[in-house]
Amino acid sequence: MTFSLAGRCTQTGRIGFAVATSSVCVGARVGAIADGCVVFSQARTDPRLHAVGITAWQRTQDAAKALTAMREAATSPHWRQLGILTSKGVPLHYTGASCLDHCGGLEGANSLALGNFLGSADVLPEMVRAFEEATGSLEERLQIGMLAGEAAGSEREPLQSAALKVLGAEGLMDADIRVDFSTDPLKDLGVLWADWAPKAAAYRLRAIDPDSAPSSAEVEGRPA
């Protein structure tokens, strides 16, 4: 009962994903990201499979082998929905026979949409279309794709949580934001992103070069 979207930016080389679901705390359970690789485990989710996929990718640099490793490690794989998008190559996915319709995956030129228990068959195509046609940052394009999926049918039950994660240079997350419980989680995710986006560079500098970084008060606009 989840829909998710992974994407890569051909200009910057960054990769990331967004996800929403009708249960709480999806950001704690669906999706993981490492250098050059996004993986998904959803439907009846087993977050342990994320590490399996990432480890296999890092060892082999082969998306098909990484997806196979996740599927072979899964208990009752017929309940699982798995996916991988790397910084190179074709996105891959697997949907088990017990996942609830509408369900499946759809690959774009630089994206992968996955979903189950969707409100219509248009959700995944609209997510991919919107992402691939959108301009702006990777974070913005992922949100545009998710909102298009919501407008095309969303899930059959009301959404409660959402998350957005984008990995930047030097192993630091450019975005890692979650809405764990909300009546409109994608809207609230956008509010959080709007607050975080102008602050992200300063917090990155605090990690890389703390001597040159502004104070938290300066970044947050509080009195010193």
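The values are calculated or read from the model by the stated rules, or taken from the named source; none is laboratory data. Source: prediction; values computed, not measured. We place every Cβ from the backbone using ideal geometry, glycine too, and count neighbours over all the protein chains shown. Ligands, DNA and RNA are excluded from the accessible area calculation, which covers all protein heavy atoms including side chains. Shrake-Rupley method; radii C 1.70, N 1.55, O 1.52, S 1.80 Å.
Kindly indicate the residue of segment 69-120 that is part of a loop (DSSP other than H, G, I, E, B) and of a type in the set (S, T, N, Q) and also most open to solvent (accessible area, probe 1.4 Å) among those meeting that condition.
So the residue we want is 75.
Could you grab me the full set of residues in segment 18-36 that are surrounded by 23 or more Cβ atoms within 10 Å (Cβ to Cβ), hydrophobic (A, V, I, L, M, F, W, C) and under 18 Å from residue 91 (Cβ atoms)?
18, 19, 30 - these are the residues of segment 18-36 that are surrounded by 23 or more Cβ atoms within 10 Å (Cβ to Cβ), hydrophobic (A, V, I, L, M, F, W, C) and under 18 Å from residue 91 (Cβ atoms).
Just to be sure before I move on: is residue 64 open to solvent by 20 Å² or more (accessible area, probe 1.4 Å), in contact with a strand residue (DSSP E or B) (Cβ under 7 Å, 6 or more places away or on another chain) and in contact (Cβ under 8 Å) with a residue 24 or more places away in the chain in the structure I sent?
It is true that residue 64 is open to solvent by 20 Å² or more (accessible area, probe 1.4 Å), in contact with a strand residue (DSSP E or B) (Cβ under 7 Å, 6 or more places away or on another chain) and in contact (Cβ under 8 Å) with a residue 24 or more places away in the chain.
Does residue 41 qualify as being open to solvent by less than 10 Å² (accessible area, probe 1.4 Å) and among the hydroxyl-bearing types (Ser, Thr, Tyr)?
yes
Based on what the data block shows, is residue 55 among the β-branched types (Val, Ile, Thr), surrounded by fewer than 22 Cβ atoms within 10 Å (Cβ to Cβ), at pLDDT 95 or above and assigned to a helix (DSSP H, G or I)?
Criteria met by residue 55.
Name the one entry in 37, 99 that is among the hydrophobic types (A, V, I, L, M, F, W, C) and within 21 Å of residue 145 (Cα to Cα).
37
Test of understanding: among 170, 150, 155, 218, which residue is open to solvent by 70 Å² or more (accessible area, probe 1.4 Å) and at negative phi?
218
Would you mind finding the one in 133, 139 that is charged (D, E, K, R) and open to solvent by 60 Å² or more (accessible area, probe 1.4 Å)?
Being charged (D, E, K, R) and open to solvent by 60 Å² or more (accessible area, probe 1.4 Å) holds for just one of 133, 139, which is 133.
Go through (1) in contact with a Leu (Cβ under 8 Å, 6 or more places away or on another chain); (2) assigned to a helix (DSSP H, G or I) one by one and return the number of the condition residue 175 breaks.
Going through (1) in contact with a Leu (Cβ under 8 Å, 6 or more places away or on another chain); (2) assigned to a helix (DSSP H, G or I) one by one, residue 175 breaks only (2).
Name the one entry in 202, 213, 197 that is of a type in the set (Gly, Ala, Ser), within 17 Å of residue 142 (Cβ to Cβ) and either touching a residue at least 12 places away in the same chain (Cβ under 8 Å) or open to solvent by less than 50 Å² (accessible area, probe 1.4 Å) (or both).
That would be 197, the only listed residue that is of a type in the set (Gly, Ala, Ser), within 17 Å of residue 142 (Cβ to Cβ) and either touching a residue at least 12 places away in the same chain (Cβ under 8 Å) or open to solvent by less than 50 Å² (accessible area, probe 1.4 Å) (or both).
Answer yes or no: is there a residue in segment 17-35 that is hydroxyl-bearing (Ser, Thr, Tyr), closer than 27 Å to residue 159 by Cβ and not in a strand (DSSP E or B).
yes
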